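To start, the structure itself, in structure tokens.
A short reminder: the numbers here are calculations on the coordinates, not readings from a lab. Computed from a predicted model, the values in this text were never measured in an experiment. Ideal geometry is used to build each Cβ from the backbone, glycine not excepted, and the neighbour counts take in all protein chains shown.
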Amino acid sequence: MLEKAKQLASQEFSRLSGREIKVEDCFVVWFSKTLQNWKALVSTNAISSNEKCGDYAEVTHNGDKEETYVDVYAKVSNRVIKD
């Protein structure tokens, strides 16, 4: 599941950036599995956050339909809020 998530994310990152983003360049930030469904949040350092192609993917597997969805996001904001 984790390798599949990284593989699918690297394919989308490559497609959107127009250059090869290898599976080894991707890492799983968060993962959850419930019954036959799972979700992984995958990122890469091979794409800078100011590129419009996105550097963060949400990979969701729907076990009932045997489908996997990949949504790619770009960082819009990174603000520090003090306690």
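Quick notes on this one:
- Stretching the chain fully between residue 66 and residue 49 yields a gain of 3.0 nm (0.36 nm per residue, less the alpha carbon separation).
- Using R0 = 30 Å, the C-beta based FRET efficiency linking residue 75 and residue 4 works out to 0.80.
- Residue order, fewest to most surrounding Cβ atoms within 10 angstrom, among 14, 43: 14, 43
- Ranking of 69, 56 by count of other Cβ atoms within 10 Å, fewest first: 69, 56
- Using the Karplus relation 6.51 cos²θ - 1.76 cosθ + 1.60 with θ = phi - 60°, the per-residue 3J(HN,Hα) values for the stretch 72-83 come to 10, 10, 10, 5, 9, 8, 9, 10, 8, 10, 6, 6 Hz, with x marking Gly and Pro.
- Dipole magnitude (debye, nearest 20) for the stretch 2-73, charges at Cβ of Lys, Arg, Asp, Glu: 40 debye
- Debye log10 I(q)/I(0) for the chain, one point scatterer per Cα, at q = 0.13, 0.17, 0.18, 0.23 Å⁻¹: -0.42, -0.66, -0.72, -1.02
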